[in-house]
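Only one structure is covered here, and it is reproduced in the block below.
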Amino acid sequence: MKKPDFITNIALVPIDFVLIVAAALSAYYLRFSQAISEVRPVFYEMPLSSYFELVLKVALFAVVIFALSGFYTMHNKKLARELPKIITGVSTVVIFLVLSIFWQRELFSSRFIIIISWAAAIVYLFLARVIIILIRNYFFKKGRGLANVILLGKEESRKAVVQTYSQKPELGYKVIAEFDNLESLMSSQEFVRDIKKKNIDTIFQTDTNVAKELALDTLTFCQENQITLRYAANLFQAQNINVDLNSVAGMPIVEIQGTPLDGWRRVAKRFFDLLLSTLLIIVLSPLFIILTIIIKSTSSGPAFVRLKRVGKKGNTFSMYKFRSMVKDAHKMKSEIMDLNERDDGPLFKIKDDPRITKIGKWLRKTSLDELPQLFNVFKGQMSLVGPRPHEPEEVSRYQKGYKKLLTIKPGMTGMAQVSGRSNLLFTEEAKLDIFYIENWSMLLDLIILVKTPKAMFKGDQA
């Protein structure tokens, strides 16, 4: 998702709330105006204070219905698609309102108010989207907020795309470089540097017939560098999972989005993480104090350690844990590397690690050593649910395709942890985490969180 789309997505939520309230108030004042009252006399007038209280509740309910109806999904937003969506969403809210009034058998002021509110809400919401899109397009025409695109493909196929994007800045893309293929792009140190600095948003493969291996290399390159991939699809390449379909310069275009965790869903997940991590930190604070005293009194060194881990988009951060090893254990790792029992991937693991303290064995067995990661979640470096965070040296030894694990924030728990814990091979763990990334939903997060306590205390060592 382009940044302007994301900003618009978030802005529409409070705007829609205010407009629903405005539509309802407009209907109220219109109904009780002198001109309408003379034609349709008022038999029962609901006090404005009571009416306004009801309107606020309905507006809040409406925003929830709109979110569930996909109002705030901003990919390739077109006004022609918005009007039917608005009519359906507003009508759904009105139906619920009418059913609620009927069920409670309450005397409502006027059917006229409901009809006018319905019509006014449709008009207000549609006009708001017209204005917002016009403002966004204005900035696009000024060259602001455009996504930087690199084109790959033959010159004749690139030419049509370049012409379309230059003539239609409202599409939100700016072509900054063109290459015949991925190999040519990778030979350009300047643009490879830009990619590493996250200055490139999208790679667009304009050829419709690309060798399967070359297409896979391009896809892998984009996944490893957290870049959106768009490609000109042939007749048999239209997929239906995590893709967005459109057309540019007369060609059918497929955009691989990688994960449904984007836009409003990402905001919802972050809000949930922040709320629950704050609550857990407060509730578990006595346990934090007790464990700190036990660790400090049974071995020398700090109660907490900060471990370097790789997070979203390859950014490193300090992950907090209760210390379960002797002081400066990381410096001893090279001395016992030959004892590593994991030969199925980049991970390092010893069943009876000599560096682990007595209390540390218990902390690891119960996963209580991981509780301080709640502070990482609170700070936004991790999520409650996500792929397992790995060390930089482990990430550097990832096999081809595994860098997709860096698409989203790592988690305190995840599918790998509740589906087999440390007994899983690395390839199986990675597949589970990638499945989670590609099929994320809030329901899936809740299921994993419910399963986590049982996985923590069933006896497998984390």
(message) Working only with C-alpha atoms, what are the Rg and Dmax values of region 81-240, expressed in angstrom?
(response) 23.6, 74
(request) Would you mind calculating the gained length between Y29 and K57 on full extension (0.36 nm times residue separation, minus the Cα-Cα distance), in nm to one decimal? (result) 8.2 nm
(message) Quick check: pseudo-label points 7 Å beyond the Cα along Cα→Cβ at F435 and T208, how many nm apart are they?
(response) 3.6
(request) Order by neighbour count: K269, K154, K174, fewest other Cβ atoms within 10 Å first, most last. (result) K154, K174, K269
(request) Please tell me which of these pairs span more than 30 angstrom C-alpha to C-alpha: K196/K361; K198/K308; K358/K400? (result) K196/K361; K358/K400
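Find how much the distance from R111 to V326 grows on full extension, using 0.36 nm per residue of separation minus their present alpha carbon separation; answer in nm with one decimal.
70.0 nm
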(message) Among W440, G401, M412, whose Cα projects farthest towards the positive end of the dipole of region 376-450, with charges put on the beta-carbon of Lys, Arg (+1) and Asp, Glu (-1)?
(response) G401
(request) Can you pull the one-decimal nm distance between simple spin-label points at L68 and T427, each 7 Å off the Cα toward Cβ? (result) 4.3
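Structure shown: which of K296/K451; K312/K431; K174/K312; K159/K409 lie over 29 Å apart, alpha-carbon to alpha-carbon?
Details: K296/K451 31 Å; K312/K431 17 Å; K174/K312 25 Å; K159/K409 37 Å.
Checking Cα-Cα distances, K296/K451; K159/K409 exceed 29 Å.
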(message) Just want to confirm a number: the relative contact order over region 358-429, from Cα pairs under 8 angstrom separated by 6+ residues, in percent.
(response) 32
(message) Counting other beta carbons within 10 Å of each residue's own, what order do R129, R306 fall into, fewest first?
(response) R306, R129
(message) For the pair E156/Q399, report the inter-label distance in nm, with labels modelled 7 Å from Cα in the Cβ direction.
(response) 4.1
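Where a number appears in this text, it was derived from the coordinates with a stated rule and is not lab data. For clarity, every value in this text was computed on a predicted model and none was experimentally measured. For neighbour counting, all protein chains shown are included, and Cβ atoms are generated from backbone atoms with ideal geometry for every residue, glycine included.
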